[in-house]
Amino acid sequence: MNNKTCLITGATSGIGKSTAIALAKLGFILILTARSDDKGFELVNKLQKKYKVQAEFIKTDISSLKEVKQLSEQIKQKYGRIDVLINNAGSRFADYKKSVDGIELTFATNHLGHFYLTLLLIDLLKKSSSARIINVSSSAHLGKSIDFENIANPKNYERREAYGQSKLANVLFTYALARQLIKSEITVNALDPGGVASNLGRNDGLISWTKHIGYYLVKRELLTPKQGAATSVYLTSSPKVAGVTGKYFYLKKEKKSSPESYDEEAAKKLWDLSLKICGMEDQTI
Ligand SMILES: NC(=O)c1ccc[n+]([C@@H]2O[C@H](COP(=O)([O-])OP(=O)(O)OC[C@H]3O[C@@H](n4cnc5c(N)ncnc54)[C@H](OP(=O)(O)O)[C@@H]3O)[C@@H](O)[C@H]2O)c1
C-alpha cells in the first residue's frame, strides 16, 4: 500500500483499464468509474484478488452533470482526500448526439463532465500534500480551434472536428487550471497517449474502429493499451514530475502542444462557458 488515492474515469477499457492495473500493482487505493457496471465490478474484483488493493467501482455517466455531482458526493462522504485524479474517459461519435443535459455529446463527455468533476473535487485534492491532476488529451487537438458559436450546432457537426475540439478543450483546461493552482500543491498536466489499440470508436461500428487502428498500424505506431497507459502511470507516480505543472506529455516526455492550446483568451472563454453550463458561476478555485 502506498496509501495514495487515485480516481480514474473511463477505467473499464483500454488505456484507463491498463492504468488501473498498473496503479494497483503500485499499491494505490483506486476509485474507478465508467458506465458499465459489469465490467467495473469484474475489474475491481480482479484487482482486489490479484493485488490485494483497496478498490471500488462507482457507475457514472461522465456526460451527465447530475451523475457527476452524485459521484463527487459519494466520494466526499467516503474519502478524506484525493491524491490523483485521472480524467481519462473519452469517446467520439459519427453523428450529432446530445447529452441528457442537451449538450453536444463529445464536448459533454470529453470536456464538460471532467471540468465539473475536477472543480467539485478540488477541495479533496487540496487536502493532499502533492495532488496530481492528469487530463488525457490527444494529438487530435492539433490544428483545431474551438468554435464557440457552434459547439451545439447540429448543422455543422463533423466527427473529427468535434473530437479534436474536445481534446483541445482538455489542453486549454489543463493550462488554465495549472495557472489558477500555481500557488497550491496541486499539479495539472495533459498527455497524448499515442495511437492505442483500444475500444475507442467501436461505438461507431467496425469500419470506423478499423480505420482508427489501421491508421496507426500503417505508420507502425500502434500501441497496446498497456503502452498507451505508460504516460498516465508516469505522470501519476514518477518522482521525476513532482512539481511539474501546466505541461503536455507524449511517451513520457514533455512536448509542445498546438499553438491554439496556449491561447489564454480561448481558455478563459472555455472556462466561463463551462462554469455557466455547470451552474457554477460563483465557483472560485
Ligand atoms: N485509443 C487511442 O488511440 C487514443 C488516442 C488519443 C487519445 N485517446 C484518449 O484516451 C482516453 C481513453 O480512451 P481509450 O482509447 O482507452 O478508449 P476505450 O477503450 O473506448 O475506453 C474508454 C473508456 O471511457 C469510458 N467512457 C466512455 N464514455 C463514457 C461516459 N459517457 N461516461 C463514463 N465513462 C465513459 C468507457 O467505459 P464505459 O463504456 O463503460 O462507460 C471506457 O472505460 C480517451 O480520452 C481518448 O480520447 C485515445
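Just so it is clear, none of the values below were taken in a lab; they were calculated from the coordinates. From a predicted model like this one, the values you see are computed outputs, not experimental measurements. Note that we place each Cβ from the backbone using ideal geometry, even for glycine, and neighbour counts take in every protein chain shown.
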Can you give me the Rg/Rh ratio for the chain, using Cα atoms for both radii and the Kirkwood formula for Rh? 0.93
Sorting 115, 139, 238 by the position of each Cα along the dipole of the chain (Lys, Arg +1; Asp, Glu -1; all at Cβ), the one nearest the positive end of that ordering is 238
Pseudo-spin-label distance residue 240 to residue 182, built 7 Å along Cα→Cβ, given in nm, is 2.6 nm
Go ahead and estimate [θ] at 222 nm for the chain from helices alone: -39,500 (n - 2.57) per DSSP H run with n ≥ 4, summed, over the residue count, rounded to 500. -13000 deg cm²/dmol
Likely footprinting exposure, 278, 6, fewest C-beta neighbours within 10 Å first: 278, 6
Taking other Cβ within 10 Å of each residue's Cβ, how do 93, 28 sort, fewest first? 93, 28
Given the candidates 201, 229, 177, the one whose Cα lies deepest towards the positive end of the charge dipole of the chain, counting +1 at each Lys or Arg C-beta and -1 at each Asp or Glu C-beta, is 229
State which stretch of the chain is the longest one without any exposed trypsin sites (Lys or Arg not before Pro), exposure meaning a DSSP loop state and at most 12 other Cβ atoms within 10 Å. 53-182
Please find the FRET efficiency linking residue 256 to residue 77, where r is the Cβ-Cβ separation and R0 is fixed at 45 Å, and quote it to the nearest 0.05. 0.65
Among bridges DSSP assigns within the chain, what percent are antiparallel (round to 5)? 15 percent
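Determine the gain in length on full extension of the stretch residue 269-residue 224; use 0.36 nm per residue of separation and subtract their C-alpha separation, reporting nm with one decimal. Please list the in-between numbers first.
Values: separation 45, 0.36 × 45 = 16.20 nm, distance 3.61 nm.
Working it through step by step, the gained length comes to 12.6 nm.
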Given 0.36 nm per residue, what is the gain on full extension from residue 284 to residue 97 after removing their alpha carbon distance, in nm? 64.2 nm
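Working out 0.36 nm times the residue gap between residue 36 and residue 156, then minus their Cα-Cα distance, what length gain in nm do you get to one decimal? Mind dumping the intermediate values first?
Working: separation 120, 0.36 × 120 = 43.20 nm, distance 3.08 nm.
Additional length available on full extension: 40.1 nm.
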So how far, in whole Å, is the C-alpha centre of region 150-182 from the one of region 212-280? 12 Å
What's the magnitude of the charge dipole for the chain around its Cα centre, counting Lys and Arg as +1 and Asp and Glu as -1 at the beta-carbon? Answer in Debye, nearest 20. 1180 debye
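Could you put 281, 185, 264 in order, starting from the residue whose Cβ has the fewest other Cβ atoms within 10 Å? The partial results should precede the final answer.
Working: 281 8, 185 14, 264 11.
Ranking 281, 185, 264 by Cβ neighbours within 10 Å, fewest first, gives 281, 264, 185.
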Between region 132-148 and region 1-44, the Cα center-to-center distance that results, in Å: 23 Å
